[in-house]
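Trainee: Below are the structure tokens for one structure; questions will follow.
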Number of protein chains: 2
Amino acid sequence: MELKRPFLLFLGDAADDLTVKTAAGIVDWRKSWCVGQWRLSECKADVHLDDMSPSDAKAQGAETMIVGVANAGGILKESWISSIVEALEAGLDVASGLHVKLEAFPAIGAAAKRTGRSLHNVRIPDRTFLTGMGTKRRGRRLLTVGTDCCVGKKYTALSLEAAMRAKGWDADFRATGQTGIFISGRGVAVDAVLADFISGAAEWISPEAETESHWDVIEGQGSLLHPGFAGVSLGLLHGSQPDVFVVCHEPTRKTMRGVQAPIPTIRDVIDLTIACGRLTNPDIKCVGIAANTQALDEKEARDYLASLTSEYDLAATDPLRFGVDVILERIQYEA
Amino acid sequence: MELKRPFLLFLGDAADDLTVKTAAGIVDWRKSWCVGQWRLSECKADVHLDDMSPSDAKAQGAETMIVGVANAGGILKESWISSIVEALEAGLDVASGLHVKLEAFPAIGAAAKRTGRSLHNVRIPDRTFLTGMGTKRRGRRLLTVGTDCCVGKKYTALSLEAAMRAKGWDADFRATGQTGIFISGRGVAVDAVLADFISGAAEWISPEAETESHWDVIEGQGSLLHPGFAGVSLGLLHGSQPDVFVVCHEPTRKTMRGVQAPIPTIRDVIDLTIACGRLTNPDIKCVGIAANTQALDEKEARDYLASLTSEYDLAATDPLRFGVDVILERIQYEA
């Protein structure tokens, strides 16, 4: 995948900030690649870039418009079609992380042909996979798991990669979703492979390492306790065969994203992850909790994290607020 | 899907009988639809029909050749291409339950065009699905689960549907794999939907029933403890929201199909199925064990089943040998 930079981020008519987590992820980790955001009039989301139209963005050097919306089901709304056509006509390529191919919409396909611009569908795998075998591979692996979708699994993994590298560890972030692919320029959206090949794709994403000490830091997906997405989470867990995992959690959320189910406890997630994960790595263990404490003030956040450490006897942090060094210390302690 | 009957079953160069379980399933449940089998010279499998070539089969009235092989990964071997072309040229349609589309092979696509015959890919969904919601639906549901792949989940479900109907229960078999679709003429191969939609597809396969007392008897897939396929099994479990489940087991098998992992115990499968299944049905319970006792003589089989009943306090039977009435009795006792 070769996306021309810089980017204009299209937020469409997104109803809230969680819906534009693809755009927000790119801004948080690769802000220098972005010239602005484009919001339709009904849009309630904001990733805090300058608002501009595709032609304004082109004038400022933009090369690609990224559809920065991540709705359930990964669908392209009819109401976005004319906006995507407008971007192509303004001279931008368009890249999407949705399940559907951009060219499946005749108006978009025709506009791309007419303007000579490229369409990129990063969520749609450009290769096939084998079924998972569960064979042990060289190297060490960390997987981020969650009590829900959208609780910080990708940010935690990216933070861990950065901190490991800062300490001189040999570590690679492994993207398993469209936003991670936009950020790291590689990876596979495991929720978009055929169901038979989830764990096989995960094995491909995190192949045998050259050395025993190399770390793959694998972005988790969904939750083993989410009624819509647990199959993806389990296949990813088995294929990743993690030595250690970190549980990501959003303490103020009451029900799971998009459904009526209550948020499971961190204990539930730890227990089920170990019960399932030991199939492909008998030594799997939890090393930390990454909580998104955005809704708490600093004292509340520190108290909450201390209470987690005391309850679970694990490193607990908010990666974006307090870093992840406590998790790395725990990994070294366990080794 | 409208497949013209009768069928010629193509066994290719299958190395053993488990590899042709698609063909064997059609013979066991719909023998009257089949005129013969076609085996290449290296074939070690046999579904005990008359051996014949496509032109012989056509002369005996065959309309469709079914690729009756179910290998890991659902791939079409290069060495079968000329056989499929030969079938088309003999005047047969060709239907496949593999992951790859028949027309993806240029020689096959060209032969179909040249001969005017149809190609059917029953494993490739002809519709899209929503993501799973986990909302409770009216009606009762039974799911067959397994200690491994290929242990009798489909046969047990078909036996249960037949026995329920014989007793006047309102029951429908719900196919979730290609063989079940060939047998029942409907269904979705859940291992071939995009990973994000496994549980959503399972919800579609077993929709809200018209009455509380209606039974959906849902064909299970894989095993929650198989490193290659557990993601499919978990999404199917969540989407099926079964009230009751039956564990299928093959007592003589030592390692899981296609991988090195040991077969889990029936207890492991019951515990993990309940731990995961209660997310979408808090009242989920195990009602029976269906063992494939083919390798045991009658006394050994009866002793083995008695030992299971005593160990697990559950109905235990071999559906094909001793019927499933004991399981229906247990369901009534639990209700």
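Nothing in this text is a laboratory measurement; each read-out follows from the coordinates by a stated rule. Computed from a predicted structure; not experimentally measured. Here the Cβ is made from the backbone with ideal geometry for all residues, glycine too, and neighbour counts use every protein chain on show.
Trainee: How big is the dipole moment of the protein assembly as shown about its Cα centre under a simple scheme where the beta carbon of each Lys and Arg is +1, that of each Asp and Glu is -1, and everything else is neutral? Debye, nearest 20, please.
Mentor: That gives a dipole near 840 debye.
Trainee: Starting from the alpha-carbon convex hull of region A:7-121, give the projected area averaged over all orientations, in nm².
Mentor: Its average projected convex-hull area is 6.2 nm².
Trainee: In debye, nearest 20, what is the charge dipole magnitude of region A:151-299 about its Cα centre with +1 on Lys and Arg Cβ and -1 on Asp and Glu Cβ, if you could check?
Mentor: Using Cβ point charges on Lys, Arg, Asp and Glu, region A:151-299 gives about 580 debye.
Trainee: Another question about this same structure. Scan around A:His120 for amide H atoms under 5 Å from its own, H built in the peptide plane at 1.01 Å from N, and keep only partners 5 or more places away or cross-chain.
Mentor: A:Val94, A:Ala95, A:Ser96
Trainee: If we count other beta carbons within 10 Å of each Cβ, what is the order of A:Leu320, B:Leu234, fewest first?
Mentor: Lowest to highest Cβ neighbour count: A:Leu320, B:Leu234.
Trainee: Return the average number of partner chain Cβ atoms within 10 angstrom of each residue Cβ along peptide B:218-229.
Mentor: Mean partner-chain Cβ count within 10 Å for B:218-229: 5.
Trainee: Now for a separate question. State the answer as a single residue: which of B:Thr252, B:Gly116, B:Cys149 lies farthest towards the positive end of the charge dipole of chain B, with beta carbon charges of +1 for Lys and Arg and -1 for Asp and Glu, about the Cα centre.
Mentor: It is B:Gly116.
Trainee: Now, a different point. Can you give the helix-only mean residue ellipticity at 222 nm for chain A, where every DSSP H stretch with n ≥ 4 adds -39500 (n - 2.57) and the sum goes over all residues, rounded to the nearest 500 deg cm²/dmol?
Mentor: One gets -10000 deg cm²/dmol as the mean residue ellipticity at 222 nm.
Trainee: A further question on this structure: Among residues other than A:Gly25 whose Cβ falls under 12 Å from its Cβ, what is the net charge (Lys/Arg +1, Asp/Glu -1)?
Mentor: That works out to +2.
Trainee: What ranking of B:His226, B:His48 emerges when the number of other C-beta atoms within 10 Å of each C-beta is taken as an exposure proxy, fewest first?
Mentor: Ascending Cβ contact count within 10 Å gives the list B:His48, B:His226.
Trainee: Take peptide B:258-269, look around each residue's Cβ out to 10 angstrom, count Cβ atoms belonging to other protein chains, and average those counts.
Mentor: Averaged over the peptide's residues, the number is 2.
Trainee: Something else now. Take peptide A:184-196, look around each residue's Cβ out to 10 angstrom, count Cβ atoms belonging to other protein chains, and average those counts.
Mentor: Mean inter-chain Cβ contacts per residue within 10 Å come to 5.
Trainee: Further, regarding this structure: Please give the Cα centre distance for region A:133-164 versus region A:1-73, rounded to the nearest Å.
Mentor: 26 Å
Trainee: How would the protein assembly as shown be classified by its alpha-carbon gyration tensor: rounded, prolate or oblate, with rounded meaning a/c under 1.5 and the a/b versus b/c comparison settling the rest?
Mentor: Oblate is the answer for the protein assembly as shown, as a/c is 1.5 or above yet b/c matches or exceeds a/b.
Trainee: Let me test this: with uniform point scatterers at the alpha carbons of region A:147-261, what is the Debye-based log₁₀ I(q)/I(0) at q = 0.11, 0.16, 0.17, 0.22 1/Å?
Mentor: Per q value, in the given order, log10 I(q)/I(0) is -0.35, -0.74, -0.83, -1.32.
Trainee: Within a Cβ distance under 15 Å of B:Asp13, other residues only, what is the Lys/Arg minus Asp/Glu net charge?
Mentor: Within the 15 Å Cβ shell, the charges total -4.
Trainee: Explain nothing, just the number: relative contact order of chain A, from Cα pairs under 8 Å at least 6 residues apart, as a whole percent.
Mentor: 15 percent
Trainee: What does DSSP give for the protein assembly as shown in terms of the percent of beta bridges that are antiparallel, rounded to the nearest 5?
Mentor: That works out to approximately 5 percent antiparallel.
Trainee: Rounded, prolate or oblate: which fits chain A, taking a ≥ b ≥ c as square roots of the Cα gyration tensor eigenvalues, rounded meaning a/c under 1.5, else prolate when a/b beats b/c?
Mentor: Taking the square roots of the gyration eigenvalues as a ≥ b ≥ c, chain A is prolate.
Trainee: A further question follows. Counting only DSSP beta bridges with both residues in region B:245-335, tell me the antiparallel percent, nearest 5.
Mentor: Antiparallel bridges: around 10 percent, rounded to the nearest 5.
Trainee: Let me ask something additional. Give me the percent relative contact order of region A:158-310, please, defined on Cα pairs under 8 angstrom at least 6 residues apart.
Mentor: It comes to 19 percent, rounded to a whole number.
Trainee: Restricting the count to DSSP beta bridges whose residues both fall in region A:140-334, what percent are antiparallel, rounded to a multiple of 5?
Mentor: Of all bridge pairs located within region A:140-334, approximately 5 percent are antiparallel.
Trainee: Rounded to the nearest 20 Debye, what is the dipole magnitude of chain A about its Cα centre when Lys and Arg each give +1 and Asp and Glu each give -1 at the C-beta?
Mentor: Computed about the Cα centre, the dipole is about 560 debye.
Trainee: Let me ask something additional. For B:Ser55, what charge total do you get from the other residues with a beta carbon under 11 Å from its beta carbon, if Lys and Arg give +1 and Asp and Glu give -1?
Mentor: -2
Trainee: Roughly speaking, what is the stretch gain from A:Arg30 to A:Arg114, that is 0.36 nm per residue apart minus the C-alpha to C-alpha distance, in nm to one decimal?
Mentor: Full extension of this stretch gives 27.2 nm more.
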